[in-house]
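Okay, so here's the structure we're looking at.
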Amino acid sequence: MSEFTREGLEPLATLGNDTPRIDAIERVTGQAKYTRDWKLPGMLYARVLRSPHPHARIVSIDTSAAEALPGVRSVITYENAQVVWGAGSVNGGRQYNDPTKDATIHRRYIFNNPVRFVGDSIAAVAATDRHIAEEALTLIAVEYEQLPFVLEPEQALEEGAPQVYAEGNLCPDFRGEFAPMISNIGDVEAGFAEADQIFEERYETGFIHNAQMEPRCSLAHWQGDKLVLYTPSQGISNCRHDTARDLGLQDHQVQIISKYMGGGFGNKNQNQDADLIAATLSRRAGVPVMLEYSRREDWLGVHGRWPTVQYYRVGVKDDGEVTAMEMRAYSGMGPYRKNSGGISGMDAYGCPNRYREIHPVYTNRTTSGNFRAPSEPHGHYGVENMMDEVAYQIGMDPVEFTLMNMRRPTEQQQFTNYSLEEVIRNGAERFNWQARRRVTPGSDEGPIKRGAGFSFMMFRAGVGTSSAIVRVNANEEYTLYVGVTDIGPGAKTTMGMIAAEALEVPLSQVEVVWGDTDRCPYSVGESGSRTTIMTGIAVVEAAEDLKRQIADRGMPTGSDVLIASATPTPTTDGMTRQCFGAHFVEVEVDTRIGATRILKYTTVHESGRIINPSTARDQIRGATIQGIGQALHEDLLYDPQSGQPLTPGYYRARHLTHKDIPDIDVHFIEVDDGYGPFGAKTAGESGIILAPAAVANAVANAIGKRMTSLPITRDKILGAMA
Amino acid sequence: MKALTNVNATSFAEAASAAQSARQQGQAVAFSAGGTDLLQQIKDGTDNADVIINLRTIGDGRSIGSDGAGIAIGGLVTLTELSQDPLVLSGLSALAQAADSVGTPQIRNVATLAGNVTQRPWCWYYRNGFNCFKAGGNECFSVNGENGQHAIFGGGPSYIVHPSDVAPALVAFDAVFQVTGPNGDREVSAEDFFVLPITNPERENSLTENELLTGVRIPTVSSSTVSTYHKIMDREAWTHAEVGVAAVIQRDGNQVQNAKVVLAGVAPIPWRVQAVEEFLAGQQIGEAVAREAGEIGLQGAQPLSNNAHKLPMISAAIERAILNLAAG
């Protein structure tokens, strides 16, 4: 079920009504054109050759036999195509920042020597068909000198560990200094001195692939000095800018077309190496080139969520007040710093003394990068299991313990609004928390044990700059130009609905133009749950401007049009703007076979005003499902002897099937804090942040043993029960 | 993907001789019925077939029928057909349940009985292209590696687990396997069809080159026989058994006259637990007996470094399978 509580909110004409996606018909009838559906005259097909070794130096590469194969048009390797892939490795793992990228010490190229993980790309072939391209790869002779490798982040920092780079395995920060990321608030040692009890535990989480349905692909087409790139991207503006810089072009020389895509979940931010490889092959061959990755290549060659090891130490008074929190942690980044390696969660607590030290570490595993809420689910799992354990150890209800210790507005840091307490209390009541949780964990008689867990969060919902253009003609047909792509949440529909509301016309009168950098203005990109808020505000402002023009000059007549655009720079007046959520889960654990089944799943979110209830609900559900998969199933195992990945792909990573997915109740408490378009906040990443923490807490409550490692597979449960 | 030759066979005998002549010309050969797994293996490079002999063009081997001696099931019967056939449902519940537990509906709609029984292991070392025993090498990488899903019984020198759900049910029903080769037909008991790695670490069964499984015959099952297939999976669909139990019990009231208990997912072949069968004979089915049977099922277990968690699962699965068969 789903439910929307809108107390005190003015009902609107379009927003807040379940609205089918404006492109639903195209999608379900096969008319939607995804990148792989494009066919251009003379187009070649490309394939990439990848390292079979976790760490090796290429001694020689001989492409002559591949080049001689009939149908092969271009072969490029690390020797003759040294294109820097800026977004592939960045000091500090930061994004969208030209100076930081320029200063990056450990640069990544589209092809690399030495190779640093199984799947590192070293060459590519373009040929007249796919089969010839694949055959040509087998004809490239590569001689490797194998090097020692390291897979685990903690081991990578030990004395004498194999070195991924000469400077060592600790990743450089954004200044280029080899230091961990440290956040130090208050006086943590003083806080521990105040505590009556101190608790410690180690938590670890695995590598999770984004597992979006559509693997990477890219179609490059040069028209003179201009590159047209058809590619699935979660941010066409940033993809254009990154691609232009990597190829030594100006932004206007690159056109990104990303109309339909089969999911992203953070896997398709910015530009990817596929874009640069396709562009390089196409330029050399003089014809369009379509590069496609297989599922296995996509799994191993792009990126997924970073695995972590988190050591917590928490000081607490007998009355439940937390006086100090400390975390030392390690994030396995693979051999390139594509993203931060962040571990969030401690900042959801108000404790005045907090110390956090995160070591992002190079390893010879596949690269880590963005995945829906990049820093949050694994961090919330760690810290919220730590705190749940503390609550039970001191004999408190974890909900009451949270209400006592969670972050609240202060005079120094005010919020645009604050619903966390309401969200938690509402969820506890709906779920019947008191009846479902076991006051003594693991107290059910017999081997089938039930228990309940909860988790909570706040997540940034800040405003920022994006652009929109809106036009009206004499037939009162409105056209909205926004540089969004639809990675799944329905951005096109959402933008159209916001425009319709602001223009005071039905959605049917609004056509949305999207997904093309030559047609659409800058948009922030489908990452960080920002499109609805940031581009949405621009849509509202452009619409307001157009309405003023119409009021001043009347509707255009004949072939005239009126056009308005906006690039606002909104602020939240110095306040922090957050969305809030709490998840409550009841599980049943069959302790004889280590199986976990979810019996009840209740979510309560405050994401501001909900634009489109049906897609908002499904965002929470879909993200929660991913989080359950992270909690109970998914991992990427490596063979310790050879450094080979063993479990890539949907089958081996044990993703949830439809039959595994429980009913997920979704409740929104709707508010309008006066910021964001009509008060909308974020929803896309919220669900995944909470699921691993809540599920793991529920398992611990059922079996009476804390599960300190994700995924909570049966061998871990049976091991704990043995 | 490499170039392949497809040969449409019109009979099993023709398929066998086509395989023989292709091999005589030095080509690698694969038989394809449903092809659900084979084509992926070829794409992955874990099967190097030059010639695919397509069995879907054969008219025989597609029916399920009974005569005085029992039930005959063609090798090309799909798993969906097997799981929905009235004869199988009424007399061979364990077989119907096993077939219904395989993969997904899409897979079951094309995958066949013979293909399921003869499919290659799903050990991730083999499937990831390691040069292991199953790929013609001389090492089992699971021994010092990630062996959480590997063999508890009958392992060495290879520690794969047999991937079929259907096969343990067939062993439990004393099925006879019908085999066709270039030199004619032969029959072999289900139990003798499968071979341990100590005998042949490269293959899972006794089919010689150019032979293929064409069908099975199941002797008449008495009306006092009940059966079940209990499968523990890591998710609710599209995965092989972590532990499976096919149990066939002939009973009088609640008293066991004769039991066959065969495990899936724990050994390189469908693993008969004879100690459990012997223990059950003459016992009244009940919780204590079932529990003891589960414990006896662990006799001879030799877990590897990372798969001891399967032991309690084996006990629980045997116990629950037996309790499923208690008279209602």
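Give the average, rounded to an integer, of partner chain Cβ atoms located within 10 angstrom of each Cβ in A:630-641. List each step's numbers first, then the result.
Numbers: counts 0, 0, 2, 2, 0, 0, 0, 4, 2, 9, 3, 5.
That average works out to 2.
Determine the gain in length on full extension of the stretch A:GLU421-A:ASP37; use 0.36 nm per residue of separation and subtract their C-alpha separation, reporting nm with one decimal.
Numbers: separation 384, 0.36 × 384 = 138.24 nm, distance 4.83 nm.
Length difference between fully extended and current span is 133.4 nm.
Ordering A:PHE174, A:PHE431 by accessible area with a probe of 1.4 Å, largest first, what comes out?
Details: A:PHE174 80, A:PHE431 0 Å².
The residues order as A:PHE174, A:PHE431, largest area first.
With every protein chain left in place and a probe of 1.4 Å, what is the accessible surface of A:VAL125, to the nearest 10 Å²?
0
Summing Lys, Arg as +1 and Asp, Glu as -1, what charge do residues with Cβ under 12 Å from the Cβ of A:ILE182 carry, A:ILE182 excluded?
Details: positive: A:ARG328, A:ARG354, A:ARG356; negative: A:ASP173, A:GLU177, A:GLU326, A:GLU357.
After counting each charged neighbour, the total is -1.
Calculated FRET efficiency, B:ASN200 and A:GLU200, Cβ-Cβ r, R0 60 Å, to nearest 0.05?
Values: r = 52 Å, r/R0 = 0.87.
Once the sixth-power term is evaluated, E becomes 0.70.
Got a number for the accessible area of A:ARG107? Probe 1.4 Å, square angstrom, nearest 10.
90
Over region B:225-324, what is the mean sequence separation of C-alpha contacts under 8 Å (at least six apart), divided by residue count, expressed as relative contact order in percent?
Values: 184 pairs, mean separation 25.2, N = 100.
Once divided by the residue count of region B:225-324, the mean separation gives 25 percent.
Quick query: amide H of A:HIS633 versus all other amide H atoms, modeled in the peptide plane; which residues come in under 5 Å with a sequence gap of 5 or more or a different chain?
A:ILE712
In nm², what is the average projected area of the convex hull enclosing the Cα atoms of region A:463-566? Present the calculation step by step, with values, prior to reporting the outcome.
Values: hull surface 24.5 nm².
Over all viewing directions, region A:463-566 projects a mean Cα-hull area of 6.1 nm².
How high is the FRET efficiency between B:ASP252 and B:ASP192 when r is their beta carbon distance and R₀ equals 25 Å, given to the nearest 0.05?
Values: r = 30 Å, r/R0 = 1.20.
Step by step, r from the Cβ atoms, then E = 0.25.
Using the heavy atoms of the protein chains alone and a 1.4 angstrom probe, what is the accessible area of region B:30-75 per residue in square angstrom?
Details: 1990 Å² over 46 residues.
Accessible surface, normalised per residue, equals 43 Å².
For A:ASN17 and A:MET213 in one chain, what is 0.36 nm times their gap in residues minus the Cα-Cα distance, to one decimal in nm?
Numbers: separation 196, 0.36 × 196 = 70.56 nm, distance 2.86 nm.
Result for the pair: 67.7 nm of gain on full extension.
At a threshold of 8 angstrom on Cα-Cα distance, excluding pairs fewer than six apart, so keeping six or more, what relative contact order does chain A reach in percent? Spell out each step's value before the answer.
Details: 1888 pairs, mean separation 121.8, N = 722.
Once divided by the residue count of chain A, the mean separation gives 17 percent.
For B:THR104, B:THR199, A:THR535, what's the largest-to-smallest order of accessible area, 1.4 Å probe?
Working: B:THR104 25, B:THR199 105, A:THR535 0 Å².
From most exposed to least exposed: B:THR199, B:THR104, A:THR535.
Can you tell me the dipole magnitude for the protein assembly as shown around its Cα centre, using point charges on the Cβ only (Lys, Arg +1; Asp, Glu -1), in Debye to the nearest 20?
Working: 90 positive and 123 negative charges, 288 e Å.
Approximately 1380 debye in magnitude.
Taking Cα pairs under 8 Å and at least six residues apart, what relative contact order does chain B come out at, in percent? Numbers along the way, then the final one.
Working: 751 pairs, mean separation 55.2, N = 328.
Relative CO of chain B lands at 17 percent.
Can you pull the three principal axis extents for the Cα set of chain B, in Å, largest first?
60, 51, 33
What does the charge count around B:ASP50 come to, taking other residues whose C-beta lies under 11 Å from its C-beta (Lys +1, Arg +1, Asp -1, Glu -1)?
The answer is +1.
For chain A, what is Rg from Cα atoms divided by 2.2 N^0.38 Å, rounded to two decimals?
Against the empirical 2.2 N^0.38 Å value, I get 0.97 for chain A.
For region A:360-466, which whole percent of the accessible surface, found with a 1.4 angstrom probe, sits on carbon and sulfur atoms?
Details: 1590 of 3700 Å².
Answer for region A:360-466: carbon and sulfur cover 43 percent of the accessible area.
Mind checking which of B:LYS310, B:LYS43, B:LYS134 has the largest fluctuation in a GNM of chain B, springs on alpha carbons under 10 Å?
Among B:LYS310, B:LYS43, B:LYS134, the largest GNM mean-square fluctuation belongs to B:LYS43.
Once the Cβ-Cβ distance between A:MET396 and A:SER60 is put in as r, and R0 is 45 Å, what FRET efficiency do you end up with, to the nearest 0.05?
Values: r = 65 Å, r/R0 = 1.45.
Once rounded, the FRET efficiency stands at 0.10.
Averaged across the residues of B:305-313, what count of C-beta atoms belonging to other chains lies within 10 Å of each residue's C-beta?
Values: counts 0, 2, 1, 4, 11, 5, 2, 9, 8.
What the average comes to for B:305-313 is 5.
Please work out the C-alpha center-to-center distance from region B:145-215 to region A:125-182 and express it in whole Å.
Here the two parts' Cα centres lie 41 Å apart.
Tell me what chain B gives for mean residue ellipticity at 222 nm when only DSSP H runs of n ≥ 4 count, each as -39,500 (n - 2.57), the sum divided by the residue total, rounded to 500 deg cm²/dmol. Don't skip to the answer; put the middle values down first.
Numbers: 13 runs with 99 residues, N = 328.
Calculated mean residue ellipticity at 222 nm is -8000 deg cm²/dmol.
Which parts of region A:592-629 would a label at A:THR5 reach, counting a residue when its backbone N lies under 11 Å from a point 7 Å out along Cα-to-Cβ?
Under cut-off, by backbone N: A:604-606.
How would A:GLU526, A:GLU477 rank on accessible area, largest to smallest, probe 1.4 Å? Before the final figure, lay out the partial values.
On the way: A:GLU526 20, A:GLU477 95 Å².
Ranked from most to least accessible, the order is A:GLU477, A:GLU526.
When the Cα centres of region B:98-129 and region A:452-490 are compared, how far apart do they sit, in Å?
Taking the Cα centre of each part, region B:98-129 and region A:452-490 sit 45 Å apart.
Starting from 0.36 nm per residue, how many nanometres of slack lie between A:TYR165 and A:ASP129 once their C-alpha separation is accounted for? Spell out each step's value before the answer.
On the way: separation 36, 0.36 × 36 = 12.96 nm, distance 3.79 nm.
Value of the extension gain: 9.2 nm.
For A:TYR362, what accessible surface area do you get with a 1.4 Å probe? Give it in Å², rounded to 10.
0
Tell me what chain A gives for mean residue ellipticity at 222 nm when only DSSP H runs of n ≥ 4 count, each as -39,500 (n - 2.57), the sum divided by the residue total, rounded to 500 deg cm²/dmol. Please list the in-between numbers first.
On the way: 18 runs with 185 residues, N = 722.
Computed ellipticity for chain A at 222 nm equals -7500 deg cm²/dmol.
State the Cα centre-to-centre distance between region A:217-296 and region A:632-694 in whole Å.
If we compute the Cα centre of each part, the gap is 27 Å.
Going from the alpha-carbon gyration tensor of region A:274-327, what semi-axes, largest first and in whole Å, does one get by taking the root of 5 times each eigenvalue? List each step's numbers first, then the result.
Numbers: eigenvalues 557, 27, 12 Å².
So the three semi-axes of region A:274-327 are 53, 12, 8 Å.
Which one, B:GLU187, B:GLU277, B:GLU204, has the greatest fluctuation when you compute a Gaussian network model over chain B with C-alpha springs under 10 angstrom?
Residue with maximal mean-square fluctuation among B:GLU187, B:GLU277, B:GLU204: B:GLU187.
The values are calculated or read from the model by the stated rules, or taken from the named source; none is laboratory data. Note that the structure is a prediction, hence the values are computed from the model and not measured. Here Cβ is always computed from backbone atoms with ideal geometry, including for glycine, and neighbour counts include all displayed protein chains. Heads up: the accessible areas ignore ligands, DNA and RNA and are worked out on the full protein's heavy atoms, side chains in. Shrake-Rupley method; radii C 1.70, N 1.55, O 1.52, S 1.80 Å.
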